[in-house]
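Asker: Supplied in structure tokens, the structure appears directly below.
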Amino acid sequence: MALFAPVPETLSTQGFRMAKIGVFVCHCGENIASKVDTGNLVKALSDHPGVEICNEYKYFCSDPGQETVKRAIRENNLTGVVVAACSPRMHETTFRKACAEAGLNPYMLELANIREQCSWVHSDKDQATEKAIEITRSLVEKVKRNNELKPISVPVTRRALVIGGGIAGIQAALDIAGAGREVILVEREPSIGGHMSQLSETFPTLDCSQCILTPRMVEAIQHPNITVLTYSEVEEVDGYIGNFKVKVRKKARYVDMSKCTGCGDCIQKCPVKKIPSEFECGLGNRTAIYTPFAQAVPNVPVIDKNRCTYFKNGKCKICQKTCQIENCIDFEMQDTFEEFEIGAIVVATGFQIQDTSVYGEYGYGKYKDVITGLHFERLASASGPTAGKILRPSDGKEPDTVVFIQCAGSRDPSKGVKYCSKICCMYTAKHAMLYAHKHHDGNSKIFYMDIRAAGKGYDEFTRRAIEEDEAEYLRGRVSKVFEENGKLIVRGVDTLLGKPVEVAADMVVLATAIVPQPDAKEFAKKIGIGYDEYGFYNEAHLKLRPVETATAGIYLCGACQSPKDIPDSVAQASATAAKVLGLFSREQLEREPVVAAVGESTCAGCWGCVSACPYNAIEQKEIRDRNGNLVKEVASVNPGLCQGCGTCVTFCRSNSIDLAGFTEKQIFAEVMAL
């Protein structure tokens, strides 16, 4: 069997007689050399037209290997380089840098992937070698047609937008602002703090949640470099990395923030007092004019327009009459819009808990004493509706037996979600410990599938709940919860004992699934980032770029990406801040020149490319004569926004668009060389 076939004369030499290409074959230890005959590969490419030098080495990515490449470029005046090695995602930057140091334009380099696409997927050495030769040969033909590209310089606006005022958003904002950069922090709720403000204590240290969070909230609102916009939402995002234009809608609070002192007189006098509090998960009430919780930042109330008597029938205004500051409460206030020029965006929009009513067998919504973990947090909180006492919602009595059901929605493809919500095992152990500390004679039983306690001090924490606070763990699922003789009967199975179990409980707590925000998918489309099947936002690369998105300049942190605990959210927030500050470290940003370009002379103005572009990088451009008369309208690519995906090239009916680095001639040359 012939290992390689001759290349047609028309492609191999015509127009490229002066090409001097260097081919460097890497063994990658045994990753490549064990399945590809690198000697035959070198021999085949040495005789290829235009190849000046062809070498092999065990590790070309090493310092000696890179020095070999640089020396060959200088001594042979190479016009192009092909490195037959691993994926370009791994070492393209490494070899581009080596080429640049040797005086060769870095975009005159091509990486032939003969590892992931060849040696790793073939067992027959002859066939793998033949394929490696064809892959490398095709890249030699491509590099002959490469152009010397230059990175695109983009000016950078050194102002960051953080969307979401939970602990992740606050941490990211403080880190960026602490480095001297301006931050706009947008939160849709009346106060920053997120779900962490609803917690009683935090695992694994049992620190008071408010004691940790409140100082950070105050620090954020008082920081001179942070502008906090609560009760506001991002309406539009246009532009590209370093040059975003963002429109924010500031919802009418009907209270002038610049005048309000936070005295609370208006809240005390409001006659509408029995509105279920969202912050208290319906366990407590609030008024029509309210602050979500006592430590709210900013401490300025907001009027619930849908519940306020004045907005319903035009009567009341007691809050306005009570307020001692003139015109502080303004019922004529309207939503306003403000636009900002932004250099980078951090998305920290957080999570919600799954609607547990889908589990009718657990009795949620039917029995008042079947509650969620977040309800339990509010019961255990000293600032909660029961002042920290664990009391049954039905009758206000202290429960003697509490059953905790884990995975109430998680790891359940039939009704809930397939994934693990990550934090449930830990907060259930915490709940059992808090219950034991507050009710010394109480019994806590936990139905679980697996205990997933992967984190510093986490396994020790769960062991402590079992050994010191006497939480009883029962491995198995619960099939039904029903009421009998004033008790909640929890029917399940203990798989370790291999028998069914029934527990008479006074309260049942469901560890509900963590899910994305209800509007997560719509918001992702609005700002131009990807999301998975559930609505969690996608990172650019799970391992190598975990806080970046596919849209340059937009970063992720916290539970909007996937379920996370507080330490992971804070760590990821600081990571995004580091990325943003790296972007802001220069006035001009250099980015890849692999962008599309439109041939204006042949563009028909059909706008198929405009609708096809996933990054909104193509706009309409007017061509006028010297007298200012409109000649035609054509498509125009914004190089700062274009990500080089090439979608527009395939959609162009008049064949007027080409992609730098992947032109039609280059692609055809690759194909014809096979």
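The values are calculated or read from the model by the stated rules, or taken from the named source; none is laboratory data. Predicted model only: the values in this text are computed from it and were never measured. Every residue, glycine as well, gets a Cβ built from its backbone with ideal geometry; the counts of neighbours run over all protein chains shown. Heavy atoms of the whole protein, side chains included, go into the accessibility calculation; ligands, DNA and RNA do not. Shrake-Rupley method; radii C 1.70, N 1.55, O 1.52, S 1.80 Å.
Asker: When region 262-315 is examined, which residues are found to be among the acidic types (Asp, Glu) and either closer than 19 Å to LEU374 by Cα or under 36 Å from the mean Cα position of the chain (by Cα) (or both)?
Answerer: The answer is GLU278, GLU280, ASP304.
Asker: Restrict the check to region 650-662 and report whether at least one residue is open to solvent by less than 40 Å² (accessible area, probe 1.4 Å) and touching a Pro at 6+ places or on another chain (Cβ under 9 Å). Give the derivation first.
Answerer: First, the residues of region 650-662 that are open to solvent by less than 40 Å² (accessible area, probe 1.4 Å): 652, 656-657, 659-661.
Remaining after also requiring touching a Pro at 6+ places or on another chain (Cβ under 9 Å): 660-661.
So far as region 650-662 goes, yes, one or more of its residues are open to solvent by less than 40 Å² (accessible area, probe 1.4 Å) and touching a Pro at 6+ places or on another chain (Cβ under 9 Å).
Asker: Further question on the same structure: Of the conditions (1) under 18 Å from ALA660 (Cα atoms); (2) open to solvent by less than 30 Å² (accessible area, probe 1.4 Å), GLY605 clears all except one; give me its number.
Answerer: So the condition that GLY605 fails would be (1).
Asker: What number of residues in region 500-542 are in a loop (DSSP other than H, G, I, E, B) and closer than 30 Å to PRO399 by Cβ? Don't jump to the end; show me each part of the working.
Answerer: Our first condition is that a residue be in a loop (DSSP other than H, G, I, E, B); within region 500-542, this holds for 506, 513, 517-519, 528-530, 532-536, 538-540, 542.
Then drop every residue that is not closer than 30 Å to PRO399 by Cβ, which leaves 506, 513.
Qualifying residue count, region 500-542: 2.
Asker: Could you go through region 626-640 and let me know if any residue there is exposed (fewer than 14 other Cβ atoms within 10 Å of the Cβ) and either of a type in the set (Ser, Thr, Tyr) or closer than 30 Å to ASN113 by Cα (or both).
Answerer: no
Asker: Moving to a separate point now. Do any strands (runs of 3 or more DSSP E) lying entirely in region 319-434 carry at least 2 residues that are surrounded by fewer than 18 Cβ atoms within 10 Å (Cβ to Cβ), and which ones are they?
Answerer: Working: elements: 336-342, 344-347, 351-353, 370-372, 401-408.
Qualifying strands (runs of 3 or more DSSP E): 336-342.
Asker: Check every one of the strands (runs of 3 or more DSSP E) wholly within region 163-264 and list those with 2 or more residues that are in contact (Cβ under 8 Å) with a residue 40 or more places away in the chain, of a type outside the set (Asp, Glu) and open to solvent by less than 10 Å² (accessible area, probe 1.4 Å). Working first, answer last.
Answerer: Numbers: elements: 182-186, 226-229, 232-240, 243-250.
Here the list reads 182-186, 232-240, 243-250.
Asker: Here's a check for you: in region 139-148, which residue that is open to solvent by 10 Å² or more (accessible area, probe 1.4 Å) and part of a helix (DSSP H, G or I) is nearest to LEU78 (Cα to Cα)? Quick ask: steps written out before the conclusion?
Answerer: As a first pass, look at region 139-148 and keep what is open to solvent by 10 Å² or more (accessible area, probe 1.4 Å): 139, 144-148.
Restricting the remaining residues to those that are part of a helix (DSSP H, G or I) gives 139, 144.
On the way: LEU139: 15, LYS144: 11 Å.
Ranking the qualifying residues of region 139-148, first place goes to LYS144.
Here's the yes/no breakdown for (1) closer than 16 Å to VAL69 by Cα; (2) assigned to a helix (DSSP H, G or I):
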residue: VAL81; (1), (2): yes, no
residue: HIS91; (1), (2): yes, yes
residue: ALA98; (1), (2): yes, yes
residue: LEU111; (1), (2): yes, no
residue: ARG115; (1), (2): no, no
residue: ASP126; (1), (2): no, yes
residue: ILE133; (1), (2): no, yes
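Asker: Give region 285-314 a look and list any residue that's over 20 Å from THR214 (Cα atoms), in contact with a Ser or Thr (Cβ under 7 Å, 6 or more places away or on another chain) and modelled with pLDDT under 95, or say none.
Answerer: Matches in region 285-314: none.
Asker: If you don't mind, there's one more thing I want to ask. Residue pairs, Cβ under 9 Å, 6 or more apart or interchain, first in region 395-408 and closer than 13 Å to TYR427 by Cα, second open to solvent by 20 Å² or more (accessible area, probe 1.4 Å) and among the hydrophobic types (A, V, I, L, M, F, W, C). List them.
Answerer: Correct list of pairs: GLN406/MET449; GLN406/ILE451; CYS407/CYS420; CYS407/MET449.
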